Protein chains: 2
Amino acid sequence: MIKSHDSFYMQRALDLAKRGIYTTTPNPNVGCVIVKDEQIIGEGYHYKAGQPHAEVYALNMAGDNAKGATVYVTLEPCSHYGRTPPCANALIEAQVKRVVIAMLDPNPMVSGYGVQRLKEAGIDVDVGLLTEQAEQINRGFLKRMRTGKPFIILKMAASLDGKTAMASGESKWITSSEARQDVQTLRAKCSAILSTSATVLADDPRLTVRWSAFPEKIKQHYPITDIRQPIRIILDSQHRLTLKEQLFKQQGQIWLIRKVAFKGEKLPDNVKIVVDPTPEPLINLDWLFTTLAQAQINSIWVEAGAQFAGALIQQNLVDELIIYLAPKLLGHQARSLCKLPHLNQLSDCPTFQFVDVTTIGPDLRLRLKTTPPDVSL
Amino acid sequence: MIKSHDSFYMQRALDLAKRGIYTTTPNPNVGCVIVKDEQIIGEGYHYKAGQPHAEVYALNMAGDNAKGATVYVTLEPCSHYGRTPPCANALIEAQVKRVVIAMLDPNPMVSGYGVQRLKEAGIDVDVGLLTEQAEQINRGFLKRMRTGKPFIILKMAASLDGKTAMASGESKWITSSEARQDVQTLRAKCSAILSTSATVLADDPRLTVRWSAFPEKIKQHYPITDIRQPIRIILDSQHRLTLKEQLFKQQGQIWLIRKVAFKGEKLPDNVKIVVDPTPEPLINLDWLFTTLAQAQINSIWVEAGAQFAGALIQQNLVDELIIYLAPKLLGHQARSLCKLPHLNQLSDCPTFQFVDVTTIGPDLRLRLKTTPPDVSL
């Protein structure tokens, strides 16, 4: 049974889990707190794939004292041998008395097995505390595990009248330097950044994470040596990139998605070609996202133009929409935010829900999620 | 000297002043609190032009007890004979000891005279407490007094991508019923509603305030018998309205702004023609707003199309921009929020500042003000 002080310790475990948000991919973020006699005697969080799980750090800190203690962990302890031995075993060996778990493992192959093993060992187990928060911090990992597709965040920037560039094409910068800095920290949380050759040719962006642009608060928990460049994935079906673009001069992996591979093409070490085998002339987005999820990519940050944004929205592939809104008006001749096919009726328009609105410098950042299908009868 | 508890009583006076926000035009909103021995012994607010000022209500309530008391009033007490005798005289006669005033009268002809008269009578006077709030509740009246022009609020409604209607023209309704209800209460605060014959012919709106659409909280202080229909001002330079539109079937005054008056035209009692004497074919907006201010119109709520919205913005006539933003995407073929002339550079684009963002049902309401000219060197 969940007790009133359980939430307090689970919240602490969730806060710890969040510290790994820039580093754990493809693994989930997990935090763990061990409590005995109302004292925290051990805590830890998962920092990086290949390094120990949260429970191991917490158990190490608690030592023999863990015997008879209560453990709070934000995700069901693993029961299988992966890169590290199963955490369920470690908890059993430490002879803890009770384990409180925010949510079960999303992998249908192993979900509930960790709980089962703990219970079989005579440990009290409670599942389902602050589950919504626990879901939120791992939404990329969870979506990949549950659906075999990554979590897709489409980022756009526009004026009040939904324009992204002047008629001339000038678009540097509609939003503020504060908004562009904010993009850095959100990019850094994702496993990959997706764009198109059209955008690369038009804007020549780097699409990297720049540690120097991070707020001090984040830098504290995320030293420059641990900076993880999200994989840059560029759709280049027509083979338009020359490898001389700025993008290629930055550190970090680049995957070019093409329809054809040319034998003998000389590529830098950090560039790889992934060929879409489907017959259509354009990249098949269903194939793409399935392939990327299979490559353990949890979440994708999309920065592209009106055409590709429109395609994603139209195919209902966007999980979260982020729009930086600048308090300017560009007028009817400027370029529109997204291209959609001709829609006959208002009721046919893609609809979202506002989740969060934040002031970023002089701009607003709107976060929206896809509206779930209407299930009312 | 302002004392610490003065803010408390002035806040009460401001809260009282706000109760008149739907009714006092063309007069300002004023609240008054009289305090003696840390007890409120009298309070009042101005409710309607022609009825007593706030100070009179408060003095009546305090009676002889006002002698030696402190008076908090949100606007400098008047010193001239208008529809009512000067409040400064009434305060002197009541032998109050001290008067605290949030702000001076904005009318340059009389500003400071009320204070002077009180001081000459030996009363302690403090000016300048919660001035920003006091300015805010009378921003229409203040702008008219200071500049000879009304305060202009431009209301727009759009999708996330800044579209106001489908390519087909369908626009009912992009925003929610909650947003449309919110419009009712904001319309009601203004002295007039301004639109164009193009909008009237396209949408056939009523442009009235519907008491039934008000939230209960507002209805309490604003009985249906006191409903004040803002004057509906329609630009009809080309004489396109037939007087058969829905607009004309509603209660409340309508002023048609035309370039020519036809002799012998038969008009309903509530309709009047105002002729723009300037030589250009379009209505001269400078003439219009000066004329409306001379007719004691403090604030104007504008609901019109992309063309007129663009004209107002381009001529820098908008004081506040209100955009209801629906979480939908209409695509590049839909109709844009405002028409602006061709702009060459981003730096030429009209720029605003976000003042307030509120969730209204599923939509957002953005309030923006014009950015003051950059005075940095």
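The values are calculated or read from the model by the stated rules, or taken from the named source; none is laboratory data. Because the structure is predicted, anything quoted here is derived from the model rather than measured. As a convention, Cβ positions derive from the backbone with ideal geometry for all residues, glycine included, and neighbour counts pool all protein chains shown. For accessibility, only protein heavy atoms count, side chains too; no ligands or nucleic acids. Shrake-Rupley method; radii C 1.70, N 1.55, O 1.52, S 1.80 Å.
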Sort shortest first the distances from A:Lys217 to its counterpart in every other copy, using label points 7 Å along the Cα-to-beta-carbon line, and give them in nm. 2.9
Considering every residue in B:156-169, what mean count of other chain Cβ atoms within 10 Å of its Cβ is obtained? 6
Calculate how steeply helix B:285-294 sits against the longest principal axis of the alpha-carbon atoms of chain B, using the helix alpha-carbon long axis, and give the answer as 0 to 90 degrees to the nearest 10. 30
Lys, Arg +1 and Asp, Glu -1 on Cβ, resulting dipole of chain B about Cα centre, debye, nearest 20: 960
Under 5 Å between amide H atoms, partner at least 5 residues away or on a different chain: which partners does A:Ala94 have, H built in plane at 1.01 Å? none
Got a sec? Which residues in segment A:38-53 would a label at A:Lys272 touch, if it sits 7 Å along Cα→Cβ and we count backbone N under 19 Å? A:49-50
Compute the signed sum of charges (Lys and Arg +1, Asp and Glu -1) over the other residues within less than 12 Å, Cβ to Cβ, of B:Cys190. +3
Loop trypsin sites (Lys or Arg not before Pro), segment B:266-375 (other Cβ atoms within 10 Å of the site Cβ: 11 or fewer; DSSP): B:Lys266
Quick one: 3J(HN,Hα) in Hz for segment A:17-31, Karplus 6.51/-1.76/1.60 with θ = phi - 60°, rounded, Gly and Pro as x. 3, 4, 5, x, 4, 8, 10, 7, 3, x, 6, x, 8, 9, x
Taking every other residue with Cβ under 12 Å from the Cβ of B:Leu329 and scoring Lys and Arg +1, Asp and Glu -1, one gets +1
Using +1 on the beta carbon of Lys and Arg, -1 on that of Asp and Glu, and nothing else charged, what's the dipole of the protein assembly as shown about the Cα centre, debye to 20? 1200
Give me D for segment A:6-136 in µm² s⁻¹, whole number, from Stokes-Einstein with Rh from the Kirkwood sum over alpha-carbon pairs, 4 °C and 1.567 mPa s. 92
Take every Cα pair under 8 Å in segment B:143-370 that's 6+ residues apart, average their separations, divide by the length, and report that relative contact order as a whole percent. 33
Per-pair calculated FRET efficiency, R0 = 60 Å: B:Leu186 and A:Thr290 via Cβ, rounded to 0.05: 0.75
Looking down the axis that turns A into B, which residue of A has the closest beta carbon, and how many Å out? A:Gly162, 1
So, relative contact order of segment A:290-374 in percent, Cα under 8 Å, 6 or more apart, is 34
For peptide B:318-330, how many partner chain Cβ atoms fall within 10 Å of a residue's Cβ, on average? 5
Among rounded, prolate and oblate, which fits segment B:239-363 when a ≥ b ≥ c are the square roots of the eigenvalues of its C-alpha gyration tensor, a/c under 1.5 means rounded, and a/b larger than b/c means prolate? prolate
By the gyration tensor of its Cα atoms, with a ≥ b ≥ c the square roots of the eigenvalues, what is the shape of segment B:143-370: rounded for a/c under 1.5, prolate for a/b over b/c, or oblate? rounded
Under a point-charge model restricted to the Cβ atoms of Lys and Arg (+1) and Asp and Glu (-1), what is the dipole moment magnitude of segment A:164-277 relative to its Cα centre, in debye to the nearest 20? 260
What is the packing order of peptides B:228-240, A:296-308, taking the mean over residues of other C-beta atoms within 10 Å and listing the highest first? A:296-308, B:228-240
Between B:Leu201 and A:Gln116, what is the label-point separation in nm under the 7 Å Cα-to-beta-carbon projection? 7.4
For segment B:1-75: rounded, prolate or oblate by the Cα gyration tensor [a/c cutoff 1.5]: oblate
Percent relative contact order of segment B:28-155, based on C-alpha pairs within less than 8 angstrom and at least six residues apart? 20
Net length gained if the chain between B:Glu135 and B:Trp173 were fully extended (0.36 nm per residue, minus Cα distance): 10.2 nm
Could you tell me the accessible area of B:Cys190 in Å² (1.4 Å probe, neighbours in place), rounded to the nearest ten? 0
Are there GluC sites (Glu not before Pro) in segment A:23-97 that DSSP marks as loop and that have at most 10 other Cβ atoms within 10 Å, and which are they? A:Glu38
Taking only the alpha-carbon positions of the protein assembly as shown and ignoring solvent, what does the Debye formula give for the base-10 log of I(q)/I(0) at q = 0.06, 0.08 Å⁻¹? -0.53, -0.85
